[in-house]
Amino acid sequence: MSEIRQMKKPLIKQVDPGKLPEPLLVFLKNGIPVYITDSGTEDIERIEFSFDAGSIHENSPLLASTTNLMLIEGSEKYKSTLINRLLDTWSAFFHPYVERDRAGFVIYFLNRHIEKILDIAGEILFHPVFPDSELKLLMKKRYRKFLIEKDKVYRLAAEQFFESIFGNQHPYGRQTLPADFSNLDRELLSDFHGLYYRPEKMAIFVSGKIHKDILLLLNKYFGEIPIQPVIANEFSGFPSGQKKRVIHIEKKGALQSAIRIGAPTINKRHEDYFGLKVLNVILGGYFGSRLMKNIREEKGYTYGVSSSVVSLNLSGFLSISSEVSNKFTRNAVDEIYKEIRRLQTEPVPVEELSVVRNYMLGELVRMFDGPFAAAESFRSAWEFGLDNSYYTRFAARIRSIEPDEIKALAKKYYKIDDLYEVTAG
């Protein structure tokens, strides 16, 4: 028998994102800020036009998202069919987006088409016509999708959860109702667009292999648009949640129950946010989390359970979600609270914390893997008044946080009596 040689384990080192370079900041003639991440190797660019035009500003449900979706449905210069045909011809990929706080339009394209892309982007963003026929067709499609989704337990639980933690009078917490799909018209969209798709509410993020004439061309198509005084945000206070903290939505015939447990919390601007993110990963923020090990692997109550901490401009929220067989609903909820209490009373073992540190540092590095990802990551910090030093400080906190600090954060931010519990099924 040959001698079996003992193999040495490979040395494991923590990933370090290091000091991240800031995008170059320049201003167009009219003051629009442009953030440039120039590190691409292929002749491709990504431009994001970001506006302070999220759903926080809408006075009618669905107004922000519908306005954004209708941008490509025709402009003063181009019909929708021509817009789509031209973008296909130029091999451009685009997607509009709406978040709670911001909205915008992202487009990827080959550099040789840059002037044509900027011309059509200017038309889409600043000269849409919102044709009635296209609006009616869009709302019919959205309504059909709503009817399919509205009675699914995960949606019932999610909508009630946000209403509970933020209140039904705040845009963060308003539920979508069937009547909302017939309340929008071209005039409402045009008014919303005129108020929020303005150069003074706009920032441009350019990444990839930057065209040599990028500033000249951006000024040509966007730098001459007149600037108006900035309109203050309609909402500036912390959203107020509802008093009732435990809600069950009865859904007859449902084979599963959806669970949402959580509360409003801090956002990226708060000094505790980094530590809270570490705590969240331990609890349910990755596949090896405590909730996954307990509720999926050991108990077999569900295929998946997760937790998240999300940052919003006026607030933030922490949430635990899962779908389980009806007979296990109460058991699963009890196990969620059990894991929270464990974090509040027992220090996290050093080995477990080491695994979480390595996972989170690896995720931070992935967020800057290439110019497009780097630009997206920068924008997600920028909208809170932060820069890339946010990620450097985050990495330092991941490496330095201690078990006793995590326990203190669990006691502070996961108080059982302050959590909202919503189940549907």
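Kindly provide the set of residues from the range 240-261 that are of a type in the set (A, V, I, L, M, F, W, C) and assigned to a loop (DSSP other than H, G, I, E, B), ordered by number.
So in the range 240-261, the residues of a type in the set (A, V, I, L, M, F, W, C) come out as 246-247, 249, 254-255, 258-259, 261.
Across the range 240-261, the qualifying residues are ALA254, LEU255.
In the set LEU184, LEU86, which member is closer than 18 Å to GLU73 by Cα and without any contact (Cβ under 8 Å) to a residue 40 or more places away in the chain?
On the way: LEU184 fails: without any contact (Cβ under 8 Å) to a residue 40 or more places away in the chain.
One residue alone meets the criteria, LEU86.
Right, VAL310: surrounded by fewer than 20 Cβ atoms within 10 Å (Cβ to Cβ), touching a strand residue (DSSP E or B) at 6+ places or on another chain (Cβ under 9 Å), not basic (Lys, Arg) and not in a helix (DSSP H, G or I) or not?
On the way: surrounded by fewer than 20 Cβ atoms within 10 Å (Cβ to Cβ): yes; touching a strand residue (DSSP E or B) at 6+ places or on another chain (Cβ under 9 Å): yes; not basic (Lys, Arg): yes; not in a helix (DSSP H, G or I): yes.
Yes; evaluated as a whole, the condition is true for this residue.
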**Fill in**
When the range 389-414 is checked residue by residue, the ones that are in a loop (DSSP other than H, G, I, E, B) and either touching a strand residue (DSSP E or B) at 6+ places or on another chain (Cβ under 8 Å) or touching a residue at least 40 places away in the same chain (Cβ under 8 Å) (or both) are ILE401, TYR414
**Filter pass, THR67 being in contact with a Leu (Cβ under 7 Å, 6 or more places away or on another chain) and either on the phi < 0 side of the Ramachandran plot or at pLDDT below 95 (or both)** = yes
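Considering only residues that are modelled with pLDDT of 95 or more and either touching a Leu at 6+ places or on another chain (Cβ under 7 Å) or part of a strand (DSSP E or B) (or both), which ones fall in the range 5-27? Even if it seems obvious, please write down each step before you answer.
Start the filter on the range 5-27 by keeping residues that are modelled with pLDDT of 95 or more, which leaves 23-27.
Of everything in the range 5-27, those that are modelled with pLDDT of 95 or more and either touching a Leu at 6+ places or on another chain (Cβ under 7 Å) or part of a strand (DSSP E or B) (or both) turn out to be LEU24, LEU25, VAL26, PHE27.
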**Single unsatisfied condition, GLU76 versus (1) touching a Pro at 6+ places or on another chain (Cβ under 9 Å); (2) surrounded by 13 or more Cβ atoms within 10 Å (Cβ to Cβ)** = (2)
**Fill in**
Restricted to the range 156-195 and to residues being among the hydroxyl-bearing types (Ser, Thr, Tyr) and at pLDDT 95 or above, the residue farthest from LYS244 (Cα to Cα) is SER190
**Asked** If you go through the range 317-350 one residue at a time, how many are assigned to a loop (DSSP other than H, G, I, E, B) and either at pLDDT below 95 or buried (at least 21 other Cβ atoms within 10 Å of the Cβ) (or both)?
**Response** 1
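Residue-wise test of (1) closer than 13 Å to LEU189 by Cβ; (2) in contact with a Cys (Cβ under 7 Å, 6 or more places away or on another chain); (3) assigned to a loop (DSSP other than H, G, I, E, B); (4) in the same structural domain as LEU110 (by TED's automatic domain parsing).
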site: LYS29; (1), (2), (3), (4): no, no, yes, yes
site: TYR35; (1), (2), (3), (4): no, no, no, yes
site: PHE49; (1), (2), (3), (4): no, no, no, yes
site: ASN59; (1), (2), (3), (4): yes, no, yes, yes
site: SER65; (1), (2), (3), (4): yes, no, no, yes
site: MET70; (1), (2), (3), (4): yes, no, no, yes
site: LEU82; (1), (2), (3), (4): no, no, no, yes
site: LEU87; (1), (2), (3), (4): no, no, no, yes
site: HIS95; (1), (2), (3), (4): no, no, no, yes
**Complete:** Only unsatisfied item for ASP369, checking (1) free of Cβ contacts under 8 Å to residues at least 24 places away in the same chain; (2) touching a Leu at 6+ places or on another chain (Cβ under 9 Å), is (2)
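The values are calculated or read from the model by the stated rules, or taken from the named source; none is laboratory data. For clarity, every value in this text was computed on a predicted model and none was experimentally measured. Note: ideal-geometry Cβ built from the backbone for every residue, glycine included; neighbour counts use all protein chains shown.
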